[in-house]
Amino acid sequence: MEFNLADIARALAVAIPDREYFVQGETRLTYAEFVRRSLHLANALSARGLGCHIERTALARHESGQDHLALYLHNGHEYLEGLIGAYAARVAPFNVNYRYVDDELVYLLHDQAAAAIIYHSAFAPTLQRIRQRVGALRVLLQVSDESGHGLLDGAEWYEDALTTNAAQTPAVTPRPDDLYVLCTGGTTGMPKGVLWRQSDIFVAALSGASTRLGREFESMDEIVEEATARGDRFRNMTTSPLMHGAAQWQALSALTHGNAIVLPRRSASLDPADVWRTAERERVTMLQIIGDSFAGPLLDELDRTRYDLSALRIVMNGGAVLSAGAKQRLLRHLPRLAIGDGLGTSEAGATAVSTSNGDVIATNEFDLRPGSSVLSADLSRILTAGEDELGWLATSGRIPLGYFGDAAKTARTFPTIDGVRYVVAGDRARLLDDGRAELHGRDSATINSGGEKIFAEEVEGALMTHPAVVDVVVCGRPSQRWGSEVVAVVALRPDPDASVTVDDLLASAAATLARYKLPKAVLFRNRIERSPAGKVDYEWARRQMLANE
């Protein structure tokens, strides 16, 4: 049996109606309340003519027969209602980076053929400027916020749309192959919408397998039984924006497991004190972060202030590198903590994991999840343990259909090898003797310097070992001698007594890095520009490098 996420949510609302699902500040929603609001939205979308118009079986992998709904929102219950409500109406919602400027936003809304949008009032001025350039938008639902901006002409208040539509089950029947759409971050190119069948993303990224039975769920009764038995002791917290896949997966995994999802009160930016106060108050058991850019400020706050975090058992990292130094600092504060590194992409779901605790600090070696493997460099075969070849991390089985509207890129990223369809998202890896994968980073972040391939993430990790470094990004820049040379942009801790030189940083990195991989230049900046999801702004980094040539 396969599943639609809206169906799972409805089943759990019946089984555990009074269990808390959503917490943010003073806002608290039980499973029954959350699903009721989602069904109000589903009927509002259906009443405005949105839904599925062509069934999946009649479409190519890169095509969609559903109306697409843009979620242009800060974190809040409206974001998750937007997902589940849209699924119940057979509408395909997709994530919008709320930091996009006009041209980027126009591109994304066009590229994803947005027919409708749910947006916070804070973004109304931007949306007003570009409306004439995205004429396909038929439905605009505006969520009130503290910005005070009025309702756009032709738009409706989100809450009004909910209250004027009933909460009964919509007339349409969701299907397991209805779409889950996740737009890539665009850090190495223009964003693309990855098309997943909901039944596939459920298994690939939302823990859609029974922990008790050790296999995929085979009935709705099994899902409900495990969620009911789990009780209300698990409370998951995400610190990153829900527009980012890792945060969405955390929130939707909590939903399908009968857990609570807790959000910090502040949603527009990371507020470390707010995060820890919330974790303390809500007795959070698992915290999701994104790399050192999130861990650093959170750890600095723990250095300053004591919090009761005795309920916290797991910190789950994904989306960016969490350095060994950051893990060691976390364990000094919370010795019983388990730190998980989840390796995954928009195109592959969760592919591998490593765990650090008081005894072991994992770095770049990962246990592959079922369906994941390492392919040879020429994509001709699956590598076996111990072959000393740098290949490609790949996943088969529960993988996406492809990229929306892009047949050529779909064919390149999802090759068929010996009759098996894989996704090769661009991560380079080596399969070790024990069957684990040694990750070498994204091919798009590989620097070819004098014929040697240097992986930016490896250099970043080495530089982060210096205690004065708070953040770093490594890129290549043109070089007459080397073709391309390694350059690092480094942000140091704001310690007026610290005196750190380039030689100091290179000496520290040289302890774990071959000399040919060391940066040819190091640029110091007050901070590293990143997206709200912790992703590096590579265009910003390249501008810094070019400006200092």
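Annotations
- Test: residue in region 428-446 that is over 21 Å from LEU343 (Cα atoms) and at pLDDT below 95: no
- All of GLY258, GLY245, GLY214 fail the test of being at positive phi and buried (at least 19 other Cβ atoms within 10 Å of the Cβ), apart from GLY258.
- Considering (1) among the polar types (S, T, N, Q); (2) assigned to a loop (DSSP other than H, G, I, E, B); (3) more than 30 Å from ALA11 (Cβ to Cβ), the lone condition that SER267 does not fulfil carries the number (3).
- ARG428 being in a strand (DSSP E or B), outside the structural domain of LYS192 (by TED's automatic domain parsing), touching a helix residue (DSSP H, G or I) at 6+ places or on another chain (Cβ under 8 Å) and of a type outside the set (A, V, I, L, M, F, W, C): yes
- Only a single item in (1) surrounded by fewer than 17 Cβ atoms within 10 Å (Cβ to Cβ); (2) within 24 Å of the chain's Cα centre (by Cα); (3) in a strand (DSSP E or B) is not met by VAL472, and it is number (1).
- Number of residues in region 155-167 that are within 13 Å of ILE118 (Cα to Cα) and not in a helix (DSSP H, G or I): the value is 3.
- Hey, TYR87 surrounded by 24 or more Cβ atoms within 10 Å (Cβ to Cβ), hydroxyl-bearing (Ser, Thr, Tyr) and touching a Pro at 6+ places or on another chain (Cβ under 9 Å) or not: yes
- Look at (1) over 25 Å from ALA268 (Cβ atoms); (2) in a loop (DSSP other than H, G, I, E, B) and you find that GLY150 fails only one, number (1).
- The number of residues in region 20-35 being surrounded by fewer than 20 Cβ atoms within 10 Å (Cβ to Cβ) and on the phi < 0 side of the Ramachandran plot comes to 8.
- The combined condition, being at positive phi and within 24 Å of the chain's Cα centre (by Cα), is not fulfilled by GLY82.
- Pair list, Cβ under 9 Å, 6 or more apart: region 112-128 residue closer than 18 Å to GLY193 by Cβ, other residue acidic (Asp, Glu): ALA113/ASP67; ALA114/ASP67; ALA115/ASP67; ALA116/ASP67; ILE118/GLU78; ILE118/GLU81
- Within region 506-546, considering residues that are in a helix (DSSP H, G or I) and of a type in the set (S, T, N, Q), the one farthest from ILE447 (Cα to Cα): SER508
- Matching option when the condition is surrounded by fewer than 23 Cβ atoms within 10 Å (Cβ to Cβ), more than 21 Å from GLU460 (Cβ to Cβ) and without any contact (Cβ under 8 Å) to a residue 40 or more places away in the chain, among LEU383, LEU309: LEU309
- When region 252-287 is limited to residues that are small (Gly, Ala, Ser) and farther than 17 Å from ASP232 by Cα, the one that is farthest from the chain's Cα centre (by Cα) turns out to be ALA273.
- Residue in region 340-359 that is surrounded by fewer than 19 Cβ atoms within 10 Å (Cβ to Cβ) and on the phi > 0 side of the Ramachandran plot present: no
- Test for PRO176: is it under 26 Å from GLY65 (Cβ atoms), assigned to a loop (DSSP other than H, G, I, E, B) and touching a Cys at 6+ places or on another chain (Cβ under 9 Å): no
- Reported count of residues in region 398-425, each being in contact (Cβ under 8 Å) with a residue 60 or more places away in the chain and assigned to a loop (DSSP other than H, G, I, E, B), is 9.
- Among the residues making up region 228-241, those that are at pLDDT below 95, assigned to a loop (DSSP other than H, G, I, E, B) and not hydroxyl-bearing (Ser, Thr, Tyr) are GLY231, ASP232, ARG233, PRO241.
- Residues within region 187-202 that are surrounded by fewer than 17 Cβ atoms within 10 Å (Cβ to Cβ) and either out of contact with any Ser or Thr (no Cβ under 6 Å at 6 or more places or on another chain) or free of Cβ contacts under 8 Å to residues at least 24 places away in the same chain (or both), tallied: 2
- Members of region 213-227 found to be assigned to a helix (DSSP H, G or I) and more than 30 Å from SER267 (Cα to Cα), listed by number: MET220, ASP221, GLU222, ILE223, VAL224, GLU225, GLU226
- Test set (1) under 27 Å from the mean Cα position of the chain (by Cα); (2) part of a helix (DSSP H, G or I); (3) over 20 Å from LEU50 (Cβ atoms) - ASP145 fails condition number: (2)
- Selection from region 391-427 of residues that are more than 19 Å from GLN198 (Cβ to Cβ) and exposed (fewer than 14 other Cβ atoms within 10 Å of the Cβ): ALA407, ALA408, ARG412, THR416, ASP418, GLY419, VAL420
The values are calculated or read from the model by the stated rules, or taken from the named source; none is laboratory data. Here the structure is a predicted model, which means the values were calculated and not measured. Here Cβ is always computed from backbone atoms with ideal geometry, including for glycine, and neighbour counts include all displayed protein chains.
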